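To start, the structure under review is shown below, and the notes come after it.
The values are calculated or read from the model by the stated rules, or taken from the named source; none is laboratory data. This is a predicted model, so every value here is computed, not measured. Ideal geometry is used to build each Cβ from the backbone, glycine not excepted, and the neighbour counts take in all protein chains shown. SASA here: full protein model, heavy atoms, side chains in, ligands and nucleic acids out. Shrake-Rupley method; radii C 1.70, N 1.55, O 1.52, S 1.80 Å.
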Amino acid sequence: KQLLINQISHKIDEDAVFSTPIIAVVGTAMNVGKTTAATEIIRALARNTKRKVAAAKLTGVAAQRDILSMEDAGAMKTITFQDVGLVSTVNNRQLATATKTALHMLEEFKPDVIVVELGDGLIGWYGVDTLLKDVAFRKHIVFTLVCAHDLVGAVAATQLLKDMKIKANFFAGPVSNNTAGTDYIEDKLKIPAEDIRHSQAKLISALKK
């Protein structure tokens with residue numbers, strides 16, 4: 001019943017536009033902590049800053065688990081690519097337009113910020129890189145959190161994002177689960193990193209900046 005209540009049905013709008021700031025959560029692969037990161041960002045903003053936070057999952061395969069976690073964390077409204085008719089974003093030529101349609105729909109609820117999770121890794125068939133290269137989407141990103149398994153992935157992700165004119169603002173995921181990872185990222189890449197499962201102090205500070 002709850003799934004039916006939350007479902008938004010809409011056709012892809014070729015002319016859809018949006019202007020709300022985006023916090024993007026990306027990763028080097030699936031199952032690398034992106035949903036955990038997104039929910040912690042939502043919780044931090046909703047509870048600590050009292051901002052109206054909406055959330056979206058814009059790439060991946062059809063599933064409700066992640067988006068329901070975001071609602072539990074405090075997102076006032078959520079949406080996925082399913083809500084504009086896509087069951088998967090694998091090799092989907094309508095991805096960019098579907099994304100703009102979904103974000104435009106969220107703006108009807110007047111959020112202050114939209115937390116966006118991009119399922120799968122920065123490289124792959126799900127279209128994460130395609131979406132990040134879309135200027136109309138990319139220009140609204142104000143903060144990018146990256147989840148990585150290891151330091152090799154963290155370094156590569158930083159460079160891939162830089163090539164797309166996007167700055168990595170924070171690192172989380174398994175790479176940040178010990179000081180060997182966080183110390184290297186902060187010393188060599190000059191990017192804050194934290195195991196946000198246990199503390200969000202650095203994350204909250206970075207978001208405020």
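Structure data summary
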{"read-out": "Additional length obtainable on full extension of the chain from M164 to S199, 0.36 nm per residue less Cα span", "value": "9.6 nm"}
{"read-out": "Taking the chain and dividing mean pair separation by its residue count, relative contact order in percent (alpha carbons under 8 Å, at least six apart)", "value": "26 percent"}
{"read-out": "Sulfur and carbon atoms: percent of accessible area, segment 59-193 [1.4 Å]", "value": "53 percent"}
{"read-out": "Net charge of neighbours whose Cβ lies under 11 Å from the Cβ of T158, counting Lys and Arg as +1 and Asp and Glu as -1", "value": "+3"}
{"read-out": "Label-point gap, in nm, between A29 and I123 - each point 7 angstrom along Cα→Cβ", "value": "1.3 nm"}
{"read-out": "Simple spin-label estimate for E108 and Y184 in nanometres, 7 Å along Cα-Cβ", "value": "4.7 nm"}
{"read-out": "For the chain, share of DSSP beta bridges that run antiparallel, in % to the nearest 5", "value": "5 percent"}
{"read-out": "Taking the C-alpha atoms of the chain, convex hull volume expressed per residue in Å³", "value": "107 Å³"}
{"read-out": "Segment 151-198 - convex hull of the alpha-carbon atoms, volume per residue in Å³", "value": "64 Å³"}
{"read-out": "Residue pairs, from the table K110/K165; K133/K165; K34/K202; K57/K77, whose Cα atoms sit over 19 Å apart", "value": "K110/K165"}
{"read-out": "Probe 1.4 Å, accessible area per residue of segment 70-179, Å²", "value": "42 Å²"}
{"read-out": "Under the Karplus curve 6.51 cos²θ - 1.76 cosθ + 1.60, θ = phi - 60°, whole-Hz ³J(HN,Hα) for segment 151-164, x wherever Gly or Pro sits", "value": "5, 4, x, 5, 5, 5, 5, 4, 6, 4, 5, 4, 4, 9"}
